[in-house]
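Dropping a structure here in structure tokens format, bear with me for questions.
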Amino acid sequence: MGSTKTISVMKRYEIKYVLTKEQTELLRKRLVGHMVVDEYGKTSIASLYYDTPNYRLIRNSIEKPMFKEKIRLRSYGLATENSPVFLELKRKYDSVVYKRRVKTTIGDTNAFFAREDKICEDGQIARELTYFRDYYKELVPACLIIYDRVAYFEPDGDLRLTIDYNPRYRMHDLDLITSMDGTSLLNEGETILEIKVQGSMPLWLTHILDEGKMKKSSFSKYGTAYEREMQKAMKISA
């Protein structure tokens, strides 16, 4: 067994917005006094999504069903073979997000998907991850999503908010150790806002969103990357 140790479970609502540069600046100013940036500041994050060879998971997600699920391996900054990474199983049902996450390494993750070893000690999360892997039979690296995130938290509250700058992707060199390069997913200056709450959104935040005319979006980084690549393939084959 490898070096897997930390396990965590999360349940919350996640609400997304695509913001212009001006809306992002307004939001940052208005958050002062309500929320603070976490200790890490702006952090580069890479998420390697696994899928079946025919992209079953993302094709289902794009159809916007009531229930959908994804699995990804995440690193904070460029990873090495032995640095900590996080295998995450993310499910969404009726707007509620449930996330299972274990701290592991690239080597242990590769062994898990090759059915050579467990991803963590026996328990509920181990069973869920193993069931997911076995249910879909063959899961392979499919898309790498990268962005530069600033995370905010509400002192004495459960509200979390993230702003993702320069979201980008690639569907080659599908690993967490090569580089943080990729093709942009948004127009220059645009960002992705995610509001994460366990209950209702506070009134002061609703007022900021209204002031900035910030509208909800169903934007999916992996979904957008997949659709772009499919459109490219169709043009080439036409």
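Taken together, the values in this text are just the output of simple stated rules run on the coordinates, not laboratory data. This structure is a prediction, so every number in the text was calculated from the model and none was measured. We place every Cβ from the backbone using ideal geometry, glycine too, and count neighbours over all the protein chains shown.
Under 27 Å Cα-Cα from K103, which lysines qualify once same-chain neighbours fewer than 8 residues away are excluded?
The qualifying lysines are K5, K11, K16, K42, K68, K70, K90, K92, K118, K137, K196, K221.
Shape call for region 74-195 from the C-alpha gyration tensor, a ≥ b ≥ c root eigenvalues: rounded (a/c under 1.5), prolate (a/b greater than b/c) or oblate? Let's see the in-between values first.
Numbers: a/c = 1.83, a/b = 1.28, b/c = 1.43.
Here region 74-195 falls in the oblate category.
For region 34-136, state which trypsin sites (Lys or Arg not before Pro) are in a DSSP loop and have at most 14 other beta carbons lying within 10 Å of their beta carbon.
Working: sites: K42, R56, R59, K68, K70, R72, R74, K90, R91, K92, K99, R100, R101, K103, R115, K118, R127, R133; in loops: R115, K118.
When the trypsin sites (Lys or Arg not before Pro) of region 34-136 are filtered for loop state and at most 14 Cβ neighbours within 10 Å, R115 remain.
Can you put V37, V96 in order, fewest other beta carbons within 10 Å first? Write out the running numbers ahead of the final one.
Working: V37 15, V96 12.
Neighbour counts put them in this order, fewest first: V96, V37.
Check cross-link reach from K235 to the aspartates and glutamates: straight Cα distance under 18 Å, and skip same-chain residues fewer than eight apart.
Within reach: E227.
What ranking of L159, L87 emerges when the number of other C-beta atoms within 10 Å of each C-beta is taken as an exposure proxy, fewest first? Walk me through the numbers before you get to the answer.
Details: L159 20, L87 25.
Ranking L159, L87 by Cβ neighbours within 10 Å, fewest first, gives L159, L87.
Further question on the same structure: Cut-off is 10 Å between beta-carbons; in what order do M10, M66 appear when sorted fewest neighbours first?
Working: M10 15, M66 8.
Exposure proxy ranking, most exposed first: M66, M10.
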